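The values are calculated or read from the model by the stated rules, or taken from the named source; none is laboratory data. Computed from a prediction, not measured in an experiment: that's the story for all the values here. All Cβ positions, even for glycine, are placed from backbone atoms using ideal geometry, and neighbour counts span all protein chains on display. All accessible areas refer to the heavy atoms of the entire protein, side chains included, with ligands and DNA or RNA removed. Shrake-Rupley method; radii C 1.70, N 1.55, O 1.52, S 1.80 Å.
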Amino acid sequence: MGSTVYTVHLNQRHGTRLMELALETGSELVWATTWEQHANEWIAPRLGLPPLPVIEMAPGENGSRHGEMFKTRHVAEYVGDRPFVWFDDQVYQEDEDYLRARQGLGEFLLVHVPGRVGLTSRHLAAAREWLTLTGFSQGQ
């Protein structure tokens, strides 16, 4: 069996900009990726990020209940009633609908980051504004 090869384009500025966002708003950075712990080994050092908490995914899981991405349920379980911003290249309306219908989940903002474009200043500004408007940066 062959292994899958992925090309990952990284921008070192993203690590600094994400850390600034977290520090300015009092939020926590967490990996929600199928890379799981490998993100801390392979990606974080290249972005200048410290090791971050990882939301564990069920190995081999790829099904959904209502058309949402398989990671969505795991993210919801991890965050609970805490407000959160989720940057991902695979979050869509089905994920939004699933999360809005979930009981006990806090406020959230999903930010779709197209893989061909990557994380932009506009994505970070939207997250910063949302976190500020929800009062997250005041310690909520």
* **Structure-based [θ]222 nm, the chain - -39500 (n - 2.57) summed over DSSP H runs of at least 4, per residue, nearest 500** => -10500 deg cm²/dmol
* Structure fact -> In the chain the accessible area split gives carbon plus sulfur, as whole percent at 1.4 Å, a share of 51
* To do: Report, in whole Å, the centroid distance computed from the Cα atoms of region 106-133 and region 2-18.
  => 18
* So what is the diffusion coefficient of the chain in µm² per second by Stokes-Einstein at 10 °C and 1.306 mPa s, using a Kirkwood Rh over Cα pairs? -> 99
* Asked: With the other protein chains left in place, how much accessible area per residue, in square angstrom, belongs to the chain at a 1.4 angstrom probe?
  -> 63
* **Charged-residue dipole, Cβ positions (Lys, Arg, Asp, Glu), the chain about Cα centre, Debye nearest 20** => 340
